[in-house]
Amino acid sequence: MATTDRRRPYLRIAEDIRRDIASGRYAVGERLPVARELANQYGVAMMTIGNALAVLRDEGLIETRQGAGSFVSRPPNDDTTAGTTPSGHSEEFRIISEQLREIREYMEKLTVRLDELDARTRPDQAEK
């Protein structure tokens, strides 16, 4: 039975690019494909690619130069810190934290929408 990768698409894309950097497909100093190219390659929105590149920037693997693109700044660590983020938390912890943040944002939006709906369905309550 095949397992399904339930990580967010931007995390899977970041992992693919991280693996490409580690394998030497993209060398230090080399420019990554432009975001639009990556979006087409993975069949995702530009925002998803932006999020994936942000993960790699946060890890210090790439740097982005306005108008020039994203460049590999260093390969991933091969030492005992592999699997942990610069903050010292595991990748799994970081992923779960990000998912919780997204859930909180979604719940806040739902709360606002429910309040608006409640106000429209009970106009007498909105006036009090």
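The values are calculated or read from the model by the stated rules, or taken from the named source; none is laboratory data. Fair warning: this is a prediction, and the values are worked out from it, not measured in the lab. Positions of Cβ are generated from backbone atoms using ideal geometry, with glycine treated the same way; all protein chains shown enter the neighbour counts. What goes into the accessible areas is simple: the full protein's heavy atoms, side chains included, and nothing from ligands, DNA or RNA. Shrake-Rupley method; radii C 1.70, N 1.55, O 1.52, S 1.80 Å.
At-a-glance table
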{"quantity": "Residues of the stretch 87-128 satisfying the condition of being at pLDDT below 75 and either open to solvent by 60 Å² or more (accessible area, probe 1.4 Å) or not small (Gly, Ala, Ser) (or both)", "calculated": "87, 89, 123, 124, 125, 126, 127, 128"}
{"quantity": "Failed item, numbered, when residue 21 is tested on (1) part of a loop (DSSP other than H, G, I, E, B); (2) within 12 Å of residue 74 (Cα to Cα)", "calculated": "(1)"}
{"quantity": "Of all residues in the stretch 50-76 being under 12 Å from residue 11 (Cβ atoms) and in contact with a helix residue (DSSP H, G or I) (Cβ under 6 Å, 6 or more places away or on another chain), the one that is surrounded by the most Cβ atoms within 10 Å (Cβ to Cβ)", "calculated": "52"}
